[in-house]
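Q: Dumping the structure here so I can ask a few things about it.
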């Protein structure tokens, strides 16, 4: 039976067939400063990952560019024995010249190598969800996705997603390979992708907000704080609860390197925002 709260279903069927919990975990925080280098405390990082799974998380999001590479290796070392409980999603298509630097590279050879690298670091025969981290404006998306199609046909990738894309780009990519997820910047503070949330919901495509914990502009501060007090919740929990109520196709991947914050984030799924709360936000 699907778990629901306030008529909100807390699971989603990716591609209409793979059921996962909507409250997931994003691994980007388990790296060094500037998303560069390994997690400063690897033992704690592994404990955070395992605790997330203990609490029911079965969707873990990472990328070859986190570290780069260190995050995928960490996830493998921490969770390999529990892979059968999880959907591990990764991304490729961004180069990392240095801390805080991100450069799109959609050249087919680069994408092909990125896929092979992720397979090795995660130590899997198939990546269940591989996402194009960014569309490279210098390379036609059809060319970028050609090695992805090859990997799907070879059984190396099961599902394909995109990141930071509009409706036109989703439709263009969908002509090359089925798209089952979109990962865009979206939160209480930044709703510029509203139309993509609605479009993906119509198409039964997962929408995965990155940077989901932003709580809104200062002008909303009093309103959010009042709602948080009413629910005995934190501002961050209200930001996550709002996203869960916003659309049933939204999958959350809040990331943290703190066990306390992890537990707080996961409890957001228990918060039942009223329709009035939602409208106020």
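No lab work stands behind these numbers, since they all come straight from the coordinates. As the structure is a prediction and not an experimental result, all values here were calculated from the model. Glycine gets a Cβ as well: all are built from the backbone with ideal geometry, and neighbour counts include every protein chain shown.
Q: Assuming 0.36 nm per residue, please report the length gained on full extension of the stretch residue 198 to residue 107 beyond their Cα-Cα distance.
A: On the way: separation 91, 0.36 × 91 = 32.76 nm, distance 3.06 nm.
Contour length minus the Cα-Cα distance gives 29.7 nm.
Q: Once the Cβ-Cβ distance between residue 138 and residue 18 is put in as r, and R0 is 35 Å, what FRET efficiency do you end up with, to the nearest 0.05? Mind dumping the intermediate values first?
A: Details: r = 33 Å, r/R0 = 0.95.
Working from the Cβ atoms, E equals 0.60.
Q: Please give, to one decimal in nm, the separation of the simple spin-label points placed at residue 33 and residue 83, each 7 Å out from Cα toward the Cβ.
A: Computed distance between label sites residue 33 and residue 83 equals 3.5 nm.
Q: Which part of region 192-229 falls in the paramagnetic zone of residue 272, meaning amide N under 18 Å from the point 7 Å along Cα-to-beta-carbon?
A: 227-229
Q: Taking 0.36 nm per residue of separation and subtracting the Cα-Cα distance, what length does fully extending residue 167 through residue 125 add? Mind dumping the intermediate values first?
A: Values: separation 42, 0.36 × 42 = 15.12 nm, distance 3.14 nm.
My answer for the length gained is 12.0 nm.
Q: What angle do you read, to the nearest 10 degrees and between 0 and 90, between the alpha-carbon axis of helix 141-153 and the longest principal axis of the chain?
A: Tilt relative to the chain: about 80 degrees.
Q: For helix 221-230, report the angle its Cα long axis makes with the longest principal axis of the Cα atoms of the chain; keep it between 0 and 90° and round to the nearest 10°.
A: 70
Q: If each DSSP helix of 4+ residues adds -39,500 (n - 2.57) and the sum is divided by the residues in the chain, what number results at 222 nm, nearest 500 deg cm²/dmol? Mind dumping the intermediate values first?
A: Values: 10 runs with 106 residues, N = 281.
The helix-only estimate for the chain comes to -11500 deg cm²/dmol at 222 nm.
Q: Determine, for 238, 73, 250, the number of other Cβ atoms within 10 Å of each Cβ, and report the residues in order from fewest to most. All intermediate terms of the calculation are to be shown ahead of the outcome.
A: Values: 238 26, 73 17, 250 22.
Listing 238, 73, 250 from fewest to most nearby Cβ atoms yields 73, 250, 238.
Q: Between helix 70-79 and the chain, what is the angle of the helix's C-alpha long axis to the longest principal axis, kept within 0 to 90° and rounded to the nearest 10?
A: The two axes meet at around 70 degrees.
Q: Using the alpha-carbon centroid of each, what span in Å lies between region 16-65 and region 216-261?
A: Using only Cα atoms to place each centre, the spacing works out to 19 Å.
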